[in-house]
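The structure appears right after this line, and notes come after that.
A short reminder: the numbers here are calculations on the coordinates, not readings from a lab. For clarity, every value in this text was computed on a predicted model and none was experimentally measured. As a convention, Cβ positions derive from the backbone with ideal geometry for all residues, glycine included, and neighbour counts pool all protein chains shown.
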Amino acid sequence: MTEYVGIDGCPAGWIAVFINEYGVANVTVKEKLTGFDFNRSNPKDIILIDMPIGLKKRPDGALRNAMKGNKNSVFSLPENLPPTEEEYDRIKDTITMSEQTKAIMHKIYEVKEFAAGNNPDVFHFWESHPEFCFELLNNSKKIFPKKTGAGQAERLLILKEYLGVAGIEKLLREASKQEKDAFFKFDDLLDAACLAVMAKIIGTKENLGKIKEGADDYPFIAYAKNLM
């Protein structure tokens, strides 16, 4: 069965929402990406993650220009970062970057290592950006900030258009099944669900073909091109 997955970072590690052709399948929280049971041999599966995958050829400027709302949600990595986390740890005090970036560098390297060596024609593990994807799902209109009640309510309504009432209920029900130590925030769940929905949209033959052909408009589709 084809799976469409959205992954977001959370305090416990990572939260993933799995969708198939019938709707929401499950919600899973793992400390490490290696804890997820992904099928790396199904070329129809698509996984989108809200975290930089590569350290080069960043399209962050193009993404900011395309966004209507919170452009600050896109942050740039310093140039010439070391290829491994071990090398980064040795010289990190000499690198100028925001505290937000410093806080997630371990996750950036985890994702990079997880993606390394995969065949992108089979295992579609791509970077994306939920804030931008929510705008796309909202007819490219600006949305309220995600940390506010209005923003979270708006995101639920947007997701309902694609998942239906039953899908939203299943999403919340599956999320409630997580262990108490599998801590995540509500906006983490919504972001992961958004990426799962976008992964399913990309999964159509037309959109997937555009991305595989390296079309210049892939940021418009989902900012999801494999950047390794």
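Ranking Asn42, Ile143, Phe183 by how far each Cα lies toward the positive end of the dipole of the range 4-221 (charges on Cβ) leaves Ile143 at the top.
Computed from the C-beta positions of Phe75 and Tyr22 and an R0 of 30 Å, the FRET efficiency is 0.25 to the nearest 0.05. With the cut-off at under 16 Å, measuring from each backbone N in the range 97-117 to a point 7 Å along the Cα-to-Cβ line of Lys32 picks out 106-116.
In the Gaussian network model of the chain, springs joining C-alpha atoms below 10 Å, which of Met51, Met67, Met97 carries the largest mean-square fluctuation? Top of the fluctuation ranking is Met97.
Which one, Gly167, Thr2, Thr84, projects farthest toward the positive side of the charge dipole computed for the chain from Cβ point charges (K/R +1, D/E -1)? Positive-most Cα among the choices belongs to Gly167. If one takes the longest principal axis of the Cα atoms in the chain, at what angle in degrees, from 0 to 90 and to the nearest 10, does the Cα axis of helix 99-115 lie? Compared with the principal axis, the helix lies near 80 degrees. Of Lys71/Lys147; Lys71/Lys200; Lys112/Lys147; Lys30/Lys177, which pairs sit farther than 18 Å apart, going by alpha carbon to alpha carbon? Going by Cα-Cα distance, Lys71/Lys200; Lys112/Lys147 fall outside the 18 Å limit. Residues in the range 77-104, backbone N under 18 Å from the label point at Lys147 (7 Å along the Cα-to-beta-carbon vector): list them, ranges by number please. Residues 98-104 fall inside that zone. Net charge of the neighbourhood of Asp37, taken over other residues with C-beta under 14 Å away and scored Lys/Arg +1, Asp/Glu -1, is +1.
Work out the length of the dipole vector of the chain about its Cα centre, built from +1 on the beta-carbon of each Lys and Arg and -1 on the beta-carbon of each Asp and Glu, and round it to the nearest 20 debye. Before the final figure, lay out each step's value.
On the way: 31 positive and 34 negative charges, 105 e Å.
In total the dipole reaches around 500 debye.
Largest mean-square fluctuation among Arg40, Arg173, Arg90, in a Gaussian network model of the chain whose springs join Cα atoms under 10 Å apart, belongs to Arg90.
Taking Cα atoms only, the orientation of helix 149-176 departs from the longest principal axis of the chain by about 70 degrees. Here the chain carries DSSP beta bridges of which approximately 65% are antiparallel, counting only pairs with both residues inside. Among Lys160, Lys141, Lys112, a tally of other beta-carbon atoms within 10 Å of each Cβ gives an order, fewest to most, of Lys141, Lys160, Lys112. Between Leu156 and Thr94, the C-beta separation translates, for a Förster distance of 45 Å, into a calculated FRET efficiency of about 0.55. Think of each Lys and Arg Cβ as +1 and each Asp and Glu Cβ as -1; about the Cα centre, that makes the dipole of the range 1-52 roughly 120 debye. Identify which of Leu81, Leu163, Leu48 has the largest mean-square fluctuation in a Gaussian network model of the chain, with springs joining Cα atoms closer than 10 Å. Most flexible of the set in this elastic network: Leu81.
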